[in-house]
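Report on the following structure.
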Amino acid sequence: MASSDRTYSGKEVALHNSRESCWIIVHGKVYDVTDFLDGEYTIMWSTRRPTAETDYTGRGVDHPGGSKIILKYAGKDATMEYDPIHPPDAITTNLKPEKHLGSVDLATVEKVEVTITDEERARQERIAARPPLSEILNLHDFEAIAKHTMPEKAWAYYSSAADDEITNRENHAAFHRIWFRPRILKNVTKVDWSTTILGQKSSMPLYITATALGKLGHPDGELNLTRAAAKHGIIQMIPTLASCSFDEIMDTAAPGQVQFFQLYVNKDREITKRIVQHAEQRGIKGLFITVDAPQLGRREKDMRQKFEAEDPSEVSRAGQGGVDRSQGAARAISSFIDPGLDWSDMAWFKSITKMPLILKGVQCWEDALEAYDLGLNGVVLSNHGGRQLDFARSGIEVLVEVTSKLREMRGLSFPNEKFQLFVDGGVRRATDVMKAIALGATAVGVGRPFLYAYSAYGPEGINQALQILHDEFEMNMRLLGARNIKEVVAEMVDASNIHLHMVSVPADNLYESNYERLQGARLREI
Ligand code: 173
């Protein structure tokens, strides 16, 4: 058997290009993935090498992307295809050590021929036709450019939402039902919109929330966010399902940079414990446990992409005893998430970490109250960007009932140091953030807009997005008559219509250009 310190030539690897013997190269290492072709594959997403008990579970799951895609790279370098959609350690975690064959002399590896399709050529032309960053005026603009310049699959994954995408649209629309009651003559020469979140300084009352698969939009993935967060003094919430490894992100952070961590709870609690304690040991300042995704929602735009990408024989295997690949990588990589998580687990979390514990994905006051009564440190009122339960209400709407009920039932006032409320979903403007702050939130999370910013314009894009938000805060704090975040109070907004699920503002042309028409089923081309 080959030993893992051997170095192969590209030619040797290229000989193993069949179903019988299938080797691939990822990041300069050679792997024998023949077994993955017939169902010895299950993705484990962890920050660490597995222990003997959790390893190589081999539950007979096919490679979620199908064997075809592996065979396409048989004998070749698969790094480019592998990177965005796999956990950094997917191969090492899932493949028995004896299948890690060694290294390859990359100079001898033939470059994978990338056939440029007409579609790709057209996309490159659109990229060349992007307006200069100086013409990008707001967060909607990034979305509009990203939509036309991102690879179609990546756009479909980031932008898709559950079912009829009603909640997805509602998230931003709900902010349209809140209007300002500005104060005048306040001497607003100096305005300061910095704040503290879970006791940590932030230059704005917002944080970068967790989103999966950051490399789909740009090769540096989440590191774009880490660097921009450092530059602008805001906090990044690192996702469990980042394309970059947790440690890579932590190592990229500036000294003293504050980061939170979003946790998907693994069915194997030992793995969860290891991840949580590793995060704490590396200095994470808040643990956000996702509680709204016991199963992944149906994102049909994303699903249709997969159908179109596959050949008819693959599609017809689904539902006939074959693996249903129609929900793609996201469904497959989410299979470790424990739908059995319940309230009784919270005591366990408290026993394994001293980090502040926040539930991410709370959608009614009853659950917020329960979290408070259990001594947790806060909740994120969120519907997961409209990607989970369609017709879940917006976080900003839920905020109004949570503050009111917790005031009534526990005498709490908000914002509250001990039990902090966060909102995410639909935030596109500093005014959206200010509405949430006025209504009692400590801060809001922003996800997709930052993905679009770096997908469309790379690191400068995310930098510009944050600068735009700073500029919007400066102006709108003055116009509202608030000199600091404490002065952004409930009396400054009229949210009396928040529970009316309709929008009475003029038709929003931004919606027309950014949100896509939902597609019905289409005939395949024959
Ligand atoms: O919203 C998501 O896409 C998400 O949270 C997720 C969950 C599991 C796997 C991939 C993405």
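The values are calculated or read from the model by the stated rules, or taken from the named source; none is laboratory data. What you see is a predicted model, and the numbers here were worked out from it, not measured in a lab. Neighbour counts are summed over all protein chains in view; Cβ atoms, including those assigned to glycine, are modelled from backbone coordinates with ideal geometry.
Please state which of the following conditions residue 287 fails to meet, knowing it meets all the rest: (1) within 15 Å of the ligand (Cβ to nearest atom); (2) closer than 25 Å to residue 389 by Cα; (3) at pLDDT 95 or above; (4) surrounded by 19 or more Cβ atoms within 10 Å (Cβ to Cβ).
It fails just one condition, (1).
Which ranges mark the strands (runs of 3 or more DSSP E) fully within region 1-115 that have 2 or more residues being modelled with pLDDT of 85 or more and of a type in the set (A, V, I, L, M)? First the steps, then the outcome.
Values: elements: 6-8, 23-26, 29-32, 100-104.
Output list reads 23-26, 100-104.
Tally up the residues in region 458-476 that are surrounded by 23 or more Cβ atoms within 10 Å (Cβ to Cβ) and either farther than 18 Å from residue 209 by Cα or hydroxyl-bearing (Ser, Thr, Tyr) (or both), please.
1
Considering only region 157-272, give the strands (runs of 3 or more DSSP E) lying wholly within it that have at least 3 residues that are modelled with pLDDT of 95 or more, surrounded by 18 or more Cβ atoms within 10 Å (Cβ to Cβ) and on the phi < 0 side of the Ramachandran plot.
Numbers: elements: 195-197, 200-202, 206-208, 235-238, 259-263.
The strands (runs of 3 or more DSSP E) meeting that bar are 206-208, 235-238, 259-263.
Scan region 281-308 and report the pairs whose first residue is more than 29 Å from residue 247 (Cα to Cα) and whose second residue is more than 16 Å from the ligand (Cβ to nearest atom) and outside any loop (DSSP other than H, G, I, E, B), with Cβ atoms within less than 7 Å and a gap of 6+ or a chain change.
Filtered contacts from region 281-308: 305/152; 307/315.
Tell me, yes or no, whether region 258-269 has at least one residue that is acidic (Asp, Glu), without any contact (Cβ under 8 Å) to a residue 60 or more places away in the chain and away from the ligand (no atom under 16 Å from the Cβ).
Start the filter on region 258-269 by keeping residues that are acidic (Asp, Glu), which leaves 268.
Next, from what is left, pick out any that are without any contact (Cβ under 8 Å) to a residue 60 or more places away in the chain: none.
Within region 258-269, none of the residues are acidic (Asp, Glu), without any contact (Cβ under 8 Å) to a residue 60 or more places away in the chain and away from the ligand (no atom under 16 Å from the Cβ).
Which of the following residues is surrounded by fewer than 17 Cβ atoms within 10 Å (Cβ to Cβ), within 16 Å of the ligand (Cβ to nearest atom) and modelled with pLDDT under 95: 316, 335? If you could, list the steps in order and put the result at the bottom.
On the way: 316 fails: within 16 Å of the ligand (Cβ to nearest atom).
Only one candidate passes the filter, namely 335.
Condition test on residue 354, is it more than 16 Å from the ligand (Cβ to nearest atom), outside any helix (DSSP H, G or I), at pLDDT 95 or above and not small (Gly, Ala, Ser)?
Numbers: more than 16 Å from the ligand (Cβ to nearest atom): yes; outside any helix (DSSP H, G or I): yes; at pLDDT 95 or above: yes; not small (Gly, Ala, Ser): yes.
Yes: the conditions hold for residue 354.
Within region 390-413, restricting attention to residues that are in a helix (DSSP H, G or I) and acidic (Asp, Glu), which residue is farthest from the chain's Cα centre (by Cα)? Please lay out each step first, then the result.
Residues of region 390-413 in a helix (DSSP H, G or I): 395-410.
Retained after the next criterion (residues that are acidic (Asp, Glu)): 397, 401, 408.
Details: 397: 22, 401: 27, 408: 35 Å.
The residue in question is 408.
Consider region 171-224. How many of its residues are in contact with a Phe, Trp or Tyr (Cβ under 8 Å, 6 or more places away or on another chain) and within 16 Å of the ligand (Cβ to nearest atom)?
Qualifying residue count for the region: 6.
I want to confirm something. Restricting to region 292-304 and keeping residues that are of a type in the set (A, V, I, L, M, F, W, C) and within 12 Å of the ligand (Cβ to nearest atom), which single residue is nearest to residue 201 (Cα to Cα)? Talk me through it step by step, then tell me what you get.
Within region 292-304, the subset of a type in the set (A, V, I, L, M, F, W, C) is 293, 296, 303.
Checking which are within 12 Å of the ligand (Cβ to nearest atom) leaves us with 293, 296.
Working: 293: 29, 296: 33 Å.
If we take residues in region 292-304 being of a type in the set (A, V, I, L, M, F, W, C) and within 12 Å of the ligand (Cβ to nearest atom), then 293 is nearest to residue 201 (Cα to Cα).
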